[in-house]
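The structure appears right after this line, and notes come after that.
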Amino acid sequence: MTPVVLFSFVIGYFLLLLTVAYFTSKGSNNESFFIGNRNSNWMLVAFGMIGTSLSGVTFVSVPGAVGKPMAGGGVEGFTYFQIVLGYIIGYLLIAYVLLPLYYRLNLTSIYNYLQSRLGFVSYKTGASFFILSRTLGATARLYLVVKILQDSIFANLGQSFHIPFWLTTLVILVMILLYTYEGGVKTIVYTDTLQTTCMLAGLIVCIIFILNKLDVGLGTALSNMSEKGYNNIFVTDPSSKLFILKQIVAGAFITLTMTGLDQEMMQKNISVKTLGDAKKNMITIAVILTVVISLFLVLGGALYLYSDSLGGHFKTVIDAGKPVTKYFIMEKDALTGLMKETPLASDATFPYMAIKTMPPYISIIFVIALISALFPSADGAITALTASFCIDIIGMQRSKTMTEADQKRVRKIVHLSFAGVFLLFVMMFYWINNPSMIGVILKVAGYTYGPLLGLFAFGILTKRSITDKLVPVVCIAAPIICFFIDKYQNKIFGSFEIGLELLVINGLLTFSGLLAISKKK
């Protein structure tokens, strides 16, 4: 499969998105851009939000992590499913605690709640932490997928030139801008539905192909995975960072914060007509997401069985003076023509197998599915960041002098500016070049969403008033303390490992700080 052919399918898919955007953005205004005129169909929102919730990181990292070696021996296997169990709890809390609050207050930006409950500075602080959180998270997701596209298509496109990484990123961002520039949420509800369909179709086709290639049924494949430890789910060692209770609690709070306290995710929910439909949306997402992530884990196990059949294997090597277990694949050396061992990072497993070892039609399906996983997380993020900056930071809706035309002009400038910010942050991740981006994203979320968790928890669970001007101090201090706890956890806790529950610790520290600067009403 040549890069030119793959690129032509990418362009064709993008033109399809533009067509959808053209018809859905007709008659759009600022309310359409921000909350879809509160007229979105809940079933479309629910289905489309699956793509947003998963993103290209899930599409690549979750299958790859199935064969990722653990420090204590063995592989991670299906342990990610422990987090999924927490997701279900988180979605129920969003449906029955947060959504009634948002609908009762008729919010456009969910951070307006902080202003009405805690104060103007608290409101600005919450919105600022969302902008930071979503920018870092979305650009990390974008980086991973762009890197795969760069390595598989753009770097080798043409006979006499190579397209640099920054230009690949710019092209992708321009594509996203073109179909979100006018319609915003009103358009994204439809394009996300299309993209989620393509992503799920790619997932199922890849599973079926591998099972047919291995000449086994699903039951036999699961049995083979069990023999190699690829489908282990539960970790019962309390000191491990993958301990089941830690993972479930972390999954619940990750969903509560990264969905329920996130303007990008909630602006789609509050674009639904009624609270009842919005609740149906959340419950539907919880069910579908559980099934879909289970399929991604099955795909991961099948990928490693397929790779093993081609000579892939684990091997312990010395890295920086320490023994480290890595996964190696066998490939032909371009110069000598001889077979050689090449280490394969977990995030690279699915792309490598799909593009290098599978038929051309699977390569095409993989690339389209990957882009379908990329666009919903990136387009929604830029749109939500634009909405939050215009409403929460600039105060567009509070202005008594800005006309609708003025607001639209400012909104478009902000939209373009965030695309530029995305380009800068993607390049930052490119220079860092971490081998497992899902770990990076969840780690970043632990630092940046913790203050949001503390702010909303304090507002909902207490009736105390606070010294509003001190809120930024508390919200900045909590992540800094968490950084030192994480950095020196071996000295503080010994063999006990802190993992994703760092988010909960951050939220508790923020809550405690707010309690210290509060008083009875």
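The values are calculated or read from the model by the stated rules, or taken from the named source; none is laboratory data. Remember, it's a predicted structure, so these values are computed and weren't measured experimentally. Note that we place each Cβ from the backbone using ideal geometry, even for glycine, and neighbour counts take in every protein chain shown. Accessible surface areas use protein heavy atoms only, side chains included; no ligands, DNA or RNA. Shrake-Rupley method; radii C 1.70, N 1.55, O 1.52, S 1.80 Å.
Amide H to amide H, with H built 1.01 Å from N, residue 324 comes under 5 Å of 317, 318, 319, counting only residues 5 or more places away or on other chains. Share of carbon and sulfur in the accessible area of the chain stands at 66%, probe radius 1.4 Å. As a ratio to 2.2 N^0.38 Å, the alpha-carbon radius of gyration for the range 400-471 is 1.68. Residue by residue, the range 341-357 carries 3J(HN,Hα) couplings of 7, 10, x, 10, 5, 4, 5, 8, 4, 4, x, 4, 5, 5, 8, 8, 10 Hz when phi is fed to the Karplus relation 6.51 cos²θ - 1.76 cosθ + 1.60 (θ = phi - 60°); x denotes Gly or Pro. For the chain, the alpha-carbon coordinates run over 73, 56, 40 Å along the three principal axes, in decreasing order.
Go through 448-459, 204-215 and give me the packing order, highest mean Cβ count within 10 Å leading.
The densest-packed peptide leads the list: 448-459, 204-215.
Taking every alpha-carbon pair in the range 64-164 and binning the separations at 10 Å intervals from zero gives 12, 19, 28, 21, 16, 4, 0 percent.
Dividing the helix sum by the residues of the chain, where each DSSP H run of 4 or more adds -39500 (n - 2.57), gives a mean residue ellipticity at 222 nm of -22000 deg cm²/dmol.
Rg/Rh for the range 310-371 stands at 1.06; both radii use Cα atoms, and Rh follows the Kirkwood definition.
Using a simple spin-label model with pseudo-atoms 7 Å out from Cα toward Cβ, residue 218 and residue 432 lie 3.7 nm apart. Could you please tell me the mean projected area of the C-alpha convex hull for the range 366-521, averaged over all directions and given in square nanometres to one decimal? So the Cα hull casts an average projection of 13.7 nm².
Across the range 201-213, computed HN-Hα scalar couplings (Karplus, 6.51 cos²θ - 1.76 cosθ + 1.60, θ = phi - 60°) run 5, x, 4, 5, 4, 5, 5, 4, 4, 5, 4, 5, 5 Hz from first to last residue, x flagging Gly and Pro. Translational diffusion of the range 243-387, estimated by Stokes-Einstein from the Kirkwood radius over alpha carbon pairs at 4 °C in a medium of 1.567 mPa s, is 68 µm² per second.
For the chain, DSSP calls about 95 percent of its internal beta bridges antiparallel. Note on the range 355-432: Cα convex hull, mean projected area over all directions, 7.4 nm². Database remark: amide H of residue 68 closer than 5 angstrom to the amide H of 76, 77 (H placed geometrically; neighbours at sequence offset of 5 or more, or on other chains; Pro and chain starts carry no H). Give the cross-link partners of residue 520 among the aspartates and glutamates, using a straight C-alpha distance below 15 Å as the criterion and excluding same-chain residues fewer than 8 apart. Leaving aside aspartates and glutamates fewer than 8 places away in the same chain, those within reach of residue 520 are 468. Rounded to the nearest 0.05, the FRET efficiency derived from the C-beta distance between residue 227 and residue 319 at R0 = 25 Å is 0.35.
Listed by chain and number, the lysines whose C-alpha is less than 29 Å from the C-alpha of residue 246, apart from same-chain residues fewer than 8 away, are 68, 228, 279, 280, 322, 326, 443, 487, 491. For the pair the range 367-429 and the range 266-283, the centres of their Cα atoms are 22 angstrom apart. Just the number, please: Stokes-Einstein D of the range 176-305 in µm²/s, Kirkwood Rh from C-alpha pairs, 4 °C, 1.567 mPa s. Approximately 73 µm²/s, per Stokes-Einstein.
Sequence-ordered 3J(HN,Hα) estimates for the range 486-503 from the Karplus curve with 6.51, -1.76 and 1.60 and θ = phi - 60° stand at 5, 5, 10, 5, 5, 6, 7, 10, x, 7, 6, 9, 8, x, 6, 5, 4, 4 Hz, glycine and proline given as x.
Provide the FRET efficiency to the nearest 0.05 for the residue 470-residue 101 pair, computing r from the beta carbons and using R0 = 30 Å.
It comes to 0.80.
Excluding ligands, DNA and RNA, the accessible surface per residue across the chain is 40 Å² with a 1.4 Å probe.
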